[in-house]
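For reference, the structure discussed in these notes is given below.
FYI, it's all coordinate maths here, none of it is from the lab. Given the structure is predicted, the values throughout are model-derived calculations rather than measurements. Don't worry about glycine lacking a Cβ; one is built from the backbone with ideal geometry, like all the others, and counts go over all protein chains shown.
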Amino acid sequence: MLIKKITVRTFLHPKRVFLYMLMVLFSIVPASVWAEKIVVVLSRALLPYEQAWEGFKLNTSMKVEKLDMQGDAAKGEKIMSGISGDSVALVVTIGSEATMMAGKYLGAIPMVYTMVLEQPKITGKINRGVLMRVKLKKQLETLNKLFPDNKGIGVIYNLHYSGATINEARKITKALNAYLLPIAVENVSDIPSALKKITRKEIGVLWSIVDATVAKPEAVKMLIQHALKEKLPFLALSRYHVKAGALAALSVDYQDIGAQTAHLSKKMLADGTSQPAEEPRKLILFINKETQKKMDIGNLPELKGIQVIAK
């Protein structure tokens, strides 16, 4: 019996070959690489966050979708759970609430955080970020340059929240040949008695740090009133404190932080690697001219690399 050998040849059309190659390529490359959209999640609608958002929006060429948690954890969880890597290349969080929520619920999509005080502990995700705080050393160096003849720097703090900060401040002031007088309190009601120990006889300037107790509005009001009464130059935390009567505040430019975050996002999309958080690149010294006049303070020294806004 004669059996014929039959050879079957299959020919693929060039278009089918191309489609096949695309299928193979997409199967080995993460979907987020091909996504073209950035999702920006705000913690809540605060003015500094909105300014950071404006700076970000003006400095990115990618398609951006803005979502707002409105300070609601349940809404934040829903937002993060609904973000898909199929259409989103990067998630940008503005504020600590959105950042913490992304770290907890967001999938493997890369993230960039901004407008947070400290570098968050995020594991299992590619991440980078921009902080919104001024380095402690920079604050004290600036204070020392503004008032080189002061006899001491007074500061009120809660040991529970800011013990490590004060220890670091002691080392910095010692290196600057300055004297630090820290007074510890446990709650806001302790502040009036603490302020009695911080007078013009003991110190030359009053300084404020980021502290959960001392940063409360009622506490800030006490510090400003005391500084005005004692004619103590007061370096506060924000332009709003200066507007309320504090002499000065060394702060950041929120819109520029947004721009810095946009540039950082572009780098993240290009190389996809985690890096330590960046410090704000632009600082502003706000000065209350009326308070300056009341305290008979003359022209303050110029500070290199710091913008001055006096009103």
Between 0 and 90°, nearest 10: helix 136-146 axis offset from the chain longest Cα axis: 40 degrees
Explain nothing, just compute: Karplus ³J(HN,Hα) = 6.51 cos²θ - 1.76 cosθ + 1.60, θ = phi - 60°, for every residue of segment 267-281 in order, whole Hz, x for Gly and Pro. 5, 4, 5, 6, 10, x, 10, 7, 9, x, 5, 9, 7, x, 8
Which one, N158, N177, N150, has the greatest fluctuation when you compute a Gaussian network model over the chain with C-alpha springs under 10 angstrom? N177
Looking at the chain, which longest stretch skips every one of the GluC sites (Glu not before Pro) that is in a DSSP loop with at most 16 other Cβ atoms within 10 Å, leaving the sites themselves out? 203-301
Dimensionless Rg ratio for segment 71-174, taking C-alpha atoms and the 2.2 N^0.38 Å reference: 1.47
Hey, what did the chain get for relative contact order, percent, Cα under 8 Å, at least 6 apart? 18 percent
As a test of understanding, state the convex hull volume per residue of the chain from its alpha carbons, in Å³. 186 Å³
For K78, the lysines lying under 22 Å Cα to Cα, once residues fewer than eight places off in the same chain are dropped, come out as K37, K63, K66, K104, K121, K125
Looking only at L140, L46, L180, which one moves most when the chain is put into a Gaussian network model with springs between Cα atoms under 10 Å? L46
Roughly how many whole Å is it from the C-alpha centroid of segment 205-234 to that of segment 139-186? 14 Å
What percent of all Cα-Cα pairs in segment 188-285 falls into each 10 Å bin, going from 0 up to the bin containing the maximum distance? 14, 36, 22, 16, 9, 2
If one puts a single equal scatterer on every Cα of segment 100-243 and applies the Debye formula without solvent, what log₁₀ I(q)/I(0) results at q = 0.10, 0.13, 0.21 Å⁻¹? -0.41, -0.63, -1.29
Between L67 and residues 5 or more places away or on another chain, the pairs with built amide H atoms under 5 Å apart involve V40, V41, L42
The chain: most fluctuating residue of K57, K216, K125 per GNM, C-alpha cutoff 10 Å: K216
Using modelled backbone amide H atoms (1.01 Å from N, in-plane), which distant-in-sequence or interchain residues come within less than 5 Å of V130's amide H? Y113, T114, M115, E278
Under a straight-distance cross-link criterion of Cα-Cα below 17 Å, which lysines are reachable from K138, leaving out those fewer than 8 residues away in the same chain? K171, K174, K282, K304
DSSP bridge pairs, segment 219-311: antiparallel proportion in percent, nearest 5: 40 percent
Jot down the per residue volume, in cubic angstrom and as a whole number, of the convex hull over the alpha-carbon atoms of segment 228-285. 76 Å³
